[in-house]
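**Student:** Here it is, the structure, as structure tokens.
The values are calculated or read from the model by the stated rules, or taken from the named source; none is laboratory data. Keep in mind that this is a model prediction, so the values were computed, not measured. Positions of Cβ are backbone-derived with ideal geometry, glycine not excepted, and every protein chain shown enters the neighbour counts. Surface areas here come from the heavy atoms of the whole protein model, side chains and all, with no ligands, DNA or RNA. Shrake-Rupley method; radii C 1.70, N 1.55, O 1.52, S 1.80 Å.
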Amino acid sequence: MKPFKLGLLGYGKMGKALIDGLIRQGFLDETNLFIYTPNSSPKAKEDHPGLNICVDAHEMCDKCNIILLAVKPQVLPSELIELRDHLKNKAIISIAAGISTESLIGLVDPSTQVIRVMPNLAVEVLQGVILLSKSHTLDPENLNICAVMFSKLGLVQLIDEAKMDIGSVLIGSGPAYIAYFMNAMKLGAAGQFSEDECFKMIYQTFIGTATYLQENGVHPNELIERVCSPNGSTIEGIKALKEHGVEDQIVHAVHQSEARAKALGKIGLVKK
Ligand SMILES: NC(=O)c1ccc[n+]([C@@H]2O[C@H](COP(=O)([O-])OP(=O)(O)OC[C@H]3O[C@@H](n4cnc5c(N)ncnc54)[C@H](OP(=O)(O)O)[C@@H]3O)[C@@H](O)[C@H]2O)c1
């Protein structure tokens, strides 16, 4: 892999999580990292004393080959327009929710290479899922750098741009859906364990279930059958879930999140 210098715009929740993980994994040397963030530079310097703080975004872009844009989607279009000349012949990585690759390409110079990435918050614990949607502007070498870089933070999936909204729901909203289900399970056992004790059991049950499914190549419905013995306790619970249409409700929730992701993407396009 060719050596490169990474720029970071915005040391917020996601910018910090990505950088912390890449440094912790030994992928990135602090001295090759240049950041510009209006208010959080002292925090960034405290976390990573070796990194380079730039006086403005222009300097950061000028000193790097690949720039990770970790600002809010509302801020990104105006920043890209402002930085247009400084991003010529560079590669940009956008993690902004809802801003399509096509919109990004429309905002930068034709010589700027664009890749859209959607990480989920589990990158912070190096167990993330990271969706990549490449554009025709991106050369294979930079695609390879991005794929290797994000693989240090979790599972990388290269997907079509058209599936980015639904993909973002599965991996981005997914942790909130799963946390909701875990909390509901805890409520079902209310008053019987301490909260810590209960969540400890539930978390390990989720981890164990996912590992069992993955390692044995078993479909979730097959696992349900394996656990539900006739006249047993599990089958009663599964019956109750079915009677209350919980599966349909989850499908509906996924569709609602997807519709909202699409609507937010359109707002991003209008703002351009
Ligand atoms: N949070 C998530 O779980 C998640 C998941 C996937 C994707 N994303 C995407 O990640 C991006 C960042 O989200 P976040 O949750 O990390 O937001 P955040 O915590 O609010 O961080 C945004 C950062 O942007 C910086 N900033 C604001 N205006 C700027 C400017 N003009 N130039 C340079 N930096 C500027 C701020 O820097 P200062 O602190 O220095 O003021 C702030 O730290 C968003 O596009 C979001 O869609 C987030």
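**Student:** Does residue 105 satisfy the criteria of being in contact with a strand residue (DSSP E or B) (Cβ under 9 Å, 6 or more places away or on another chain), near the ligand (Cβ under 9 Å from one of its atoms) and modelled with pLDDT of 95 or more?
**Tutor:** No; evaluated as a whole, the condition is false for this residue.
**Student:** Right, next: Among the listed residues 10, 15, which satisfies the condition of being open to solvent by less than 30 Å² (accessible area, probe 1.4 Å), within 16 Å of the ligand (Cβ to nearest atom) and on the phi > 0 side of the Ramachandran plot?
**Tutor:** Going through 10, 15 in turn, the sole match is 10.
**Student:** Let me ask something else about it. Check residue 73 against each of (1) open to solvent by 10 Å² or more (accessible area, probe 1.4 Å); (2) within 14 Å of the ligand (Cβ to nearest atom); (3) modelled with pLDDT of 95 or more and name the one condition it does not meet.
**Tutor:** (3)
**Student:** Would you call residue 126 hydrophobic (A, V, I, L, M, F, W, C), open to solvent by less than 30 Å² (accessible area, probe 1.4 Å) and not assigned by TED's automatic domain parsing to the domain that holds residue 174?
**Tutor:** Taking the combined requirement at face value, the residue does not satisfy it.
**Student:** Run down 151, 135 and say which single residue is modelled with pLDDT under 95, assigned by TED's automatic domain parsing to the domain that holds residue 96 and not basic (Lys, Arg).
**Tutor:** 135
**Student:** Sort through 89, 65, 52 and tell me the only one that's more than 9 Å from the ligand (Cβ to nearest atom), among the polar types (S, T, N, Q) and in contact (Cβ under 8 Å) with a residue 40 or more places away in the chain.
**Tutor:** 65
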